[in-house]
Each structure stands twice: as structure tokens, then as C-alpha cells.
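Notes follow the structure.
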């Protein structure tokens, strides 16, 4: 399965890129985050984050499909 | 004693003038208002008004002096 | 530079905003009172605002000073129109700058409430049927209670 | 016309205000978030705002719709900057028009609270000592908790 990842804020700093395409097996965002967090040493545990797939917020057990765009959202600080 | 009166809103409509100078004996604004209310048929009792002398709010028992500028203030409706 | 004033011509909010500049301010809240096309179910065509200018300036200045003290905000500025206004015209403008938004909202709301309560300004509404009348602070007509 | 948008260039409040025009509105409240010269005791030189634009547009639009429904106001409009900002720059603008001022104040405050809570925008502060860092919603640094 191929996923498109967009990174923002501290996760982008940790990954060293703003986006990447990864090929790996992960049924849901929870599993995907576990893989990528180990790879990039993300500074936050999943409990602090929200996750969006294809532009909409979803649960961590959302079923991923090949080609999905996935964003892990750190706590926001706009305004 | 001579007093300068300025009238606003419904009191100006009742008096038919925006200002006038009156010569009469009135120790305080309460007495003065009683006189003028009878003369001009003001649409409000004194309890609904505030009174200012020479640009400052005062009590109804404030001692008036010759030449004072006196304003009876209807309930305001700015904003 | 915090202050209050009456304006006999149109209020320009962008010009008034400069009074709120402060490098330590992170929040700015403004209130604008506009002339509505209706009040108490009657269609309004225009308003006249009359003010007792000397006392209005004094009361307005006291309100500004009290707001600075009470809410710990950076800058406060307010302007109220007098004269004839039509639908959509800006009748009163209040602006507050502060370090944080909570104090800015609280102060701005308090100031417009106090202006409406204390500053000697009177509103005369003119209606589409040709009638007109002075209003009370709650926007009900003065004339009604004489009936 | 009520809406939300991200702006990559300077926000012009007077231009945005036109979205609030409504002949039935008697009150207009605006909030402006300005870049302050300090945060948490450190001197700030500039900010970078990063946004996940697709989701930010969606979330902002939902907030606007919720505000119209919840507060019964006339028009609601909000704009948030992205990119690099310096001290005094306008980071976010929220405007509400309503028949009466109570609803306008309540809606404006609720909207900025919700934007700060929900819209995917992140602030990176740069300090006079050359350091920088991403911030949490309460303006405390993300980096501190890693120490």
C-alpha cells in the first residue's frame, strides 16, 4: 500500500520533509503512526494528535486505502 | 437670580427652544425644575432625570448661584 | 492614545484604529453601532443624535479612564456621532487593544454599555410613515408613556 | 456574505468588513489578533504560520456556519494569515454583524476561541536570541516538554 503523508510544525521538523510517499502495510492511522513515529522520532505520542485522511478528520481506526493522503495534526496554535 | 438653561431631546421639544435665560428665585435644581416643568409642561417627572450644573452632574439639592448653566438630562439613548 | 470624542462628521474606523497601536498588544476588539432599518417593529429612515457636548466629553473621558484601570488593557478609544445619520451609517465606534483577548472583549463590551447608560446623547428616530420620536435607553419611545 | 479563508498576503480589515454589510444589523464586533513583541517572557521578532489548507478551509467554514446557527447573527466572516509575520502584523481577523450587540460580542468571542482550538494552523515564534520554536494552543513551547 502507498500512502501520501503531509507533515506540519514539529512533525515536519522531525521528519525533515514537508511530505513523503511511503509504501508499507498499515490497516489504520494508528498503525501507520507507530511505524512513522519510530522512523522519524516524532516528539509527540499519538494521544496528543488528531488525524485527517483525504482532508477530513477521522478516527485512529479508520480503514486506510491505497493512495490515501494522511496528515497527523499536532495541537494547533493559530490565532 | 439669572440662570442659563439648555434643553435636549423631549425637554427641548416641550420648551420649544434649545436654550433660554430665566430670572427667578430657586435655591436648587429641584425647585427650578418644578417651576419650569409647570411653565413648559415637560413630559417627565424629576425622578426620571439627572441634572448638571456648569457641565458637571450634581444632586437636586445643589446650591445654585447667579449665572449658572443648568441642564436637565432626560434618560440618554446614545449608542 | 486613549480618548473619547464626539464627531459631527463621518467616523473613519481605520483612522480611529491608530489610537490603539501598541507593540505589547496581541488582541484588538472593536464595536461599531450601525443605524438599522427598523426598531421596535417600525421601519426607520434616519436618526438624529443630539448631545450635551461638554458633559458628554467629560463622561466619555471618565469611562475610558475607568476601563483602562478596571480591565488592565493597553489602549481604549471611542467616538460617537452627533447630527443626522441614515441607514448603515456608523453611529458609535469603540476600540480596545490588550495583551490578551479576554480583557479586550470584556473592556469593549463594558465601554459600550457604559456609553449607552451614562453619556448624554439622545436619539430621535424618523420612520417611513413620517413620524419621529425621542427614544429611551432601551430604544422604546419616550412619547408612548404619555399616552 | 459569511465565509472563512486563509490569506497568504496582508489582511485589509476594511475590505473584509464589507462581508458584514446588512441593513438589519445594528451592531458589529470585530476581533484582530496582532503579533506581539513578547510571549511567555521572551522577546519575539517574527512568526511563521503554517496551515493544512484543505482542512483549515473546511473547519473554518464549519465554525462560521455553527456561529450563524448558534447565535442568530446576521453575517460572520473570518480570515487567518499564513506565512511570515512581523510585530504588529494582523494574524487573524474575525467580524460579526447582528441586530443587537450582545449576540455580536458572544459570537465573535466564540469564533476566535473555536479557530484557536480547531483550525489546523501552527505558529512558529522566532526570538531575539535567534532561537525559534513551535507553540502549543496555550502559547507554551512544544520543545520544552522534550527537555
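Every read-out reported here was derived from the displayed coordinates using simple, explicitly stated rules and does not represent laboratory data. Only a predicted model underlies this, so the values are computations on that prediction, with no experimental measurement involved. When we count neighbours, we look across all protein chains shown, and the Cβ atoms used for this are built from the backbone with ideal geometry, even at glycine.
Fully extended, how many nm does the chain gain between residue D:42 and residue D:140 (0.36 nm per residue separation, minus their Cα-Cα distance)? Each step should come with its number before you reach the end.
Numbers: separation 98, 0.36 × 98 = 35.28 nm, distance 1.11 nm.
Taking 0.36 nm per residue and subtracting the Cα distance, the gain is 34.2 nm.
Could you list C:100, C:80 so that the one with the fewest beta carbons within 10 Å of its beta carbon is first and the one with the most is last? Kindly include the intermediate steps, with their values, before the conclusion.
Working: C:100 14, C:80 25.
With the sparsest Cβ surroundings first, the list reads C:100, C:80.
Averaged over the residues of peptide D:109-115, the number of Cβ atoms from other protein chains lying within 10 Å of each residue's Cβ is 3.
Take the Cα of residue D:3, step 7 Å toward its Cβ, do the same at residue B:2, and the gap between the two points is 6.7 nm.
With the helix formula -39500 (n - 2.57) applied to DSSP H stretches of n ≥ 4, chain D reaches a computed 222 nm mean residue ellipticity of -9000 deg cm²/dmol.
Could you tell me what percent of the DSSP beta bridges with both partners in chain B are antiparallel, to the nearest 5?
Details: 12 of 15 bridges.
If I count the DSSP bridges inside chain B, around 80 percent turn out antiparallel.
Angle check, please: helix C:101-118 long axis (alpha carbons) against the longest principal axis of chain C (alpha carbons), in degrees 0 to 90, nearest 10. Taking Cα atoms only, the helix is inclined about 40 degrees. Reported to the nearest whole Å, the Cα centre-to-centre distance from region C:91-147 to region A:12-79 is 52. This ranking places B:10, B:19 by how few other beta-carbon atoms lie within 10 Å of each, fewest first, which gives B:19, B:10. When a/c is below 1.5 the answer is rounded, else prolate if a/b is larger than b/c, else oblate, so apply that to the protein assembly as shown with a ≥ b ≥ c taken from the square roots of the Cα gyration tensor eigenvalues. Prolate, because a/c is 1.5 or more and a/b exceeds b/c.
On the basis of the beta-carbon distance and an R0 of 22 Å, residue D:61 and residue A:47 show a calculated FRET efficiency of 0.20. Placing pseudo-labels 7 Å out from each Cα toward the beta carbon at residue C:126 and residue A:30 gives an inter-label distance of 7.0 nm.
Projected label points at residue D:21 and residue A:18, each 7 Å from Cα along the beta carbon direction, are separated by 3.6 nanometres.
Compared with the dominant principal axis of the Cα atoms in chain D, helix D:53-71 is inclined by about 40°.
By its C-alpha gyration tensor, with a ≥ b ≥ c as the square roots of the eigenvalues, how is region A:1-57 shaped: rounded for a/c under 1.5, else prolate for a/b larger than b/c, else oblate? Here region A:1-57 falls in the rounded category.
Classify region B:29-79 as rounded, prolate or oblate from the Cα gyration tensor: take a ≥ b ≥ c as the square roots of its eigenvalues, call it rounded if a/c is under 1.5, otherwise prolate when a/b beats b/c and oblate if not. Numbers along the way, then the final one.
Numbers: a/c = 1.85, a/b = 1.12, b/c = 1.66.
Taking the square roots of the gyration eigenvalues as a ≥ b ≥ c, region B:29-79 is oblate.
In nanometres and ascending order, the distances from the residue D:48 label point to those of the other copies are 6.1 (point 7 Å from Cα along Cα→Cβ). As a length-normalised measure over Cα pairs under 8 Å and 6 or more apart, the relative contact order of chain D settles at 33 percent. Students often get this wrong: which residues of region D:1-34 have the backbone nitrogen under 20 Å from the point 7 angstrom along Cα-to-C-beta of residue D:89? Under 20 Å, as judged by backbone N against the label point of residue D:89, lie D:5-16, D:31-34 of region D:1-34.
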